[in-house]
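*Asks:* My questions will all concern the structure given below.
Please treat every number below as a calculation from the coordinates, not as lab data. The shown structure was predicted, so the numbers you read here are calculated from the model rather than taken from an experiment. Here the Cβ positions follow ideal geometry from the backbone for every residue, glycine too, while neighbour counts run over all protein chains shown.
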Amino acid sequence: MELKRSLNLFDSISLLFSSMVGSGIFFTSGFLLQETGNPWIVLICWALGGLLALCGSITYAYAARLLPFAGGDYVYLKVAYSPLLAFVSGWSSLLTNFSACISVLALAFGKYICILFPNIPIWNSPTYKFLGVDFQIGTSTFIGVLPIVFFSVLNFFGIKSAVRVQNFFAVVKIIGLVLFLIFGFSLGNANWSYLLDAPFPDFRSFSFLSKLLIGIVPVSFSYLGWNMITYIAEEVKSPEKNLVHSATTACLLVTGLYISLNTLFLVSAPSDVLSGQDGIGAIAFQRLLGSHLSVLTTGFISWVILGSLSAIIIGGSRVYFAMARDRAFLPSFARVHKKYHSPYVSIFFQALVAILFLLVKEIEALLYMITCSILVLSCLTAMTPFRFEKMGFKSEYKIPFYPFPMIIYVLANIAVMIVLFKEKPVNALWGLVITLSAIPVYYGFRLNKKITIQKEFRTQ
């Protein structure tokens, strides 16, 4: 039940880039403007989000170098703390972190397809509210099922075939985004007064800090994927060097890209036009380059979303595989296809859960639910280097500026969680409840494999 090391450095960077650059960049800033009311705060949020992603990536790289196995957080938490905490992480990945992320991307893809093909009949069922969350089935829901099924089937045929397609998506994505930046700034109808005339925020005010922290929540979602390489570490060639290099390179590239794109968005139209729009990317494209290119730009955004969705499907399925391999989950999830070396049961079950999440009406509700669940466990994972040192585990890799990246990452996450529970209590509570629901499920399995995992580690 082992996976095959098939991915080189380019494959790893491509996967990370694609998993990070998805639908978030094309709709998040509309929500940010609505929440913060200031374009400068929007840019600061994106810069800060990049810094936190970089701090997280170089911290997680330490654990990944020590434990180059499939599963990411699940494996690190199991060795550093306990099997119960690891199971909570894996359970959250199944029910929110990965499955809901896939659903967010699929819903966004469905909405953009409806824009791209206006003749598609638009239908939405009545909205049903359950425990504070709105549920609805519509045209975009049914369209969103298609890419989930397609990429899950593609992954069934092995990670090598999936990554070949992934690389193609990544290359087209990079070329398209670079061309958009070049033509948008040089030939587009950019008006810098939309940004420069906006009042600069008062850094000393509590209002600024509160808006900054609530803005980091959706931005954090848009940077999700910086740790994707840790979930497939078992399939990366030369993990001792490629894991670190790919993570840091991808974070720096994506941060620069996000800040540049958002600057372009903010000079494309007045803030009141962009505020609250879940299609801010499409609006910016049309305002800068003209509505005659709307089909091309909308199609490209849909392409970007598909590339990110594909990458997340690859990473998430490895978590449930790792849990089952340790006999902490249903044994069938540990099955690896004899010919294609893919954890196919995990792949298709993840697809089923993601399809169920498509029933949630609003993308924004899923965003906050996902972020709350992730931040709690990310803080514990970020602290694992301290635990590993106490346990006597050593690594040749040294975290730059140790221990400040870990401290910055943890404190920022705690601050965001406080604001999230204050501003979005229902969504935050949903994320927390889903996370804690893992505890009774875990005790239903009544298995503890920590000693086995530590013995495997010491032989690496």
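*Asks:* May I ask which of Lys160/Lys241; Lys111/Lys237; Lys129/Lys160; Lys211/Lys398 have a Cα-Cα span longer than 31 Å here?
*Replies:* Pairs exceeding 31 Å: Lys111/Lys237; Lys129/Lys160; Lys211/Lys398.
*Asks:* Could you give the length gained on full extension between Asp272 and Leu196, defined as 0.36 nm per residue of separation minus the Cα-Cα distance, in nm?
*Replies:* Going from the current span to full extension adds 25.9 nm.
*Asks:* If you don't mind, there's one more thing I want to ask. Can you figure out the FRET efficiency of Leu51 with Ser332, using R₀ = 30 Å and their beta-carbon distance, to the nearest 0.05?
*Replies:* After rounding, the FRET efficiency stands at 0.15.
*Asks:* Something else about it: For a footprinting-style exposure proxy, rank Phe393, Phe401 by other Cβ within 10 Å, fewest first.
*Replies:* Fewest-to-most Cβ neighbours within 10 Å comes out as Phe401, Phe393.
*Asks:* Once the Cα atoms of helix 159-186 and of the chain are each reduced to a long axis, what angle between those two axes, in degrees from 0 to 90 to the nearest 10, is obtained?
*Replies:* The answer is roughly 30 degrees.
*Asks:* Let me have the relative contact order for the range 78-183, percent, based on Cα pairs under 8 Å that are six or more residues apart.
*Replies:* 20 percent.
*Asks:* Here is a follow-up. Count neighbours as other Cβ atoms within 10 Å of each site's Cβ, and list the trypsin sites (Lys or Arg not before Pro) in the range 369-434 that are DSSP loop with at most 13 such neighbours.
*Replies:* Those that pass, being in a loop and sparsely packed, are Lys394, Lys398.
*Asks:* Cα axis of helix 294-325 to longest principal axis of the chain: angle in degrees, 0 to 90, nearest 10?
*Replies:* Compared with the principal axis, the helix lies near 20 degrees.
*Asks:* Shifting gears a bit: Note down, for the range 86-169, the three equivalent ellipsoid semi-axes (square root of 5 times each alpha carbon gyration tensor eigenvalue), biggest first, whole angstrom.
*Replies:* 26, 22, 9
*Asks:* Taking GluC sites (Glu not before Pro) as candidate sites, keep only those in a DSSP loop with at most 13 other Cβ atoms within 10 Å, then name the longest stretch of the chain containing none of them.
*Replies:* Looking at the chain, 3-395 is the longest stretch - no exposed GluC sites (Glu not before Pro) with at most 13 other Cβ atoms within 10 Å.
*Asks:* Could you run the Karplus curve 6.51 cos²θ - 1.76 cosθ + 1.60 with θ = phi - 60° over the range 7-18 and give me ³J(HN,Hα) per residue in whole Hz, x for Gly and Pro?
*Replies:* Karplus-based 3J(HN,Hα) across the range 7-18 equals 9, 8, 5, 4, 4, 5, 5, 4, 5, 5, 4, 5 Hz.
*Asks:* Starting with the fewest neighbours, write out Asp272, Asp278, Asp73, Asp134 ranked by other beta-carbon atoms found within 10 Å of each beta-carbon.
*Replies:* Listing Asp272, Asp278, Asp73, Asp134 from fewest to most nearby Cβ atoms yields Asp272, Asp134, Asp278, Asp73.
*Asks:* Tilt of helix 344-357 relative to the longest C-alpha principal axis of the chain, in degrees (0 to 90, nearest 10)?
*Replies:* Roughly 40 degrees, rounded to the nearest 10.
*Asks:* Also, quick follow-up: What ranking do Trp40, Trp46 get, fewest neighbouring Cβ atoms within 10 angstrom at the top?
*Replies:* Fewest-to-most Cβ neighbours within 10 Å comes out as Trp40, Trp46.
*Asks:* How large is the Kirkwood hydrodynamic radius of the chain, in angstrom, based on all distinct alpha carbon pairs?
*Replies:* 22.1
*Asks:* Sequence gap at least 6, Cα distance under 8 Å: using those rules, report the relative contact order of the chain to the nearest whole percent.
*Replies:* Value for the chain: 36 percent.
*Asks:* Search the structure for amide H atoms under 5 Å from the amide H of Ala70, placed 1.01 Å from N in the peptide plane, and list their residues when 5 or more places away or on another chain.
*Replies:* Excluding prolines and chain starts, which carry no amide H, the hits are Glu234.
*Asks:* Follow-up question, since we're still on this one. If the chain between Lys160 and Leu252 were fully stretched, how many nm would it gain, using 0.36 nm times the residue separation less the Cα-Cα distance?
*Replies:* Fully extending the segment from Lys160 to Leu252 adds 30.6 nm.
*Asks:* Measure out, as a whole number of angstrom, how far apart the alpha-carbon centroids of the range 56-124 and the range 188-230 sit.
*Replies:* The two parts, judged by their Cα centres, are 23 Å apart.
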